[in-house]
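Each remark here refers to the structure printed beneath this line.
Taken together, the values in this text are just the output of simple stated rules run on the coordinates, not laboratory data. As the structure is a computational prediction, the values presented were derived from the model and not from experiment. As a convention, Cβ positions derive from the backbone with ideal geometry for all residues, glycine included, and neighbour counts pool all protein chains shown.
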Amino acid sequence: MALGLSYRCNCGEHFKIYVPKDKVYGEAVSRAVDWQAVDAREEADGEVDDVKRVAEHTGCTFIDARKIPLLRCPQCMSEVDLVNHFRARLLGV
Ligand SMILES: [Zn+2]
């Protein structure tokens, strides 16, 4: 299942973000896994669209971290580096 991660801005705006596993796990977890291949398979299977659908159903703004690595909240203009944020959250680094 593709990573569909929730992010809540300090101002209360909710986002649902697709982050490729290679960006989060690529160097930190296991070099034995070809994370790029995992991402390519999940993207080809339409799992990014699934994340997008979940975002729409839950009233979140969908963000594709492949295209938008630096999120600027449309409400309060604060910025967050998504990959760093989720790496820290998922890996504790
Ligand atoms: Zn905000």
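Separation of region 6-22 and region 47-93 by C-alpha centroid, Å? Centre-to-centre distance over Cα atoms comes out at 3 Å. If the chain linking MET1 and VAL38 were pulled fully straight, counting 0.36 nm for each residue of separation and taking away their Cα-Cα distance, it would gain 12.4 nm. Taking a Cβ cut-off of under 13 Å around HIS85, the surrounding Lys, Arg, Asp and Glu residues balance to a net charge of +2, with basic ones at +1 and acidic ones at -1.
For LYS67, list the aspartates and glutamates whose Cα falls under 13 Å from its own Cα; do not include residues on the same chain fewer than 8 positions away. Straight-distance partners of LYS67: ASP81. Put a dot 7 Å past the Cα of ASP49, heading toward its Cβ, do the same for ARG8, and the two dots end up 3.1 nm apart. Put simply, the chain fits an ellipsoid with semi-axes of 23, 17, 10 Å; these come from the alpha carbon gyration tensor as the roots of five times its eigenvalues, largest first. Computed from point charges on the beta carbon alone (+1 for Lys and Arg, -1 for Asp and Glu), the dipole magnitude for the chain about its Cα centre is near 280 Debye. In the chain, the longest principal axis of the Cα atoms and the axis of helix 82-91 are about 60 degrees apart.
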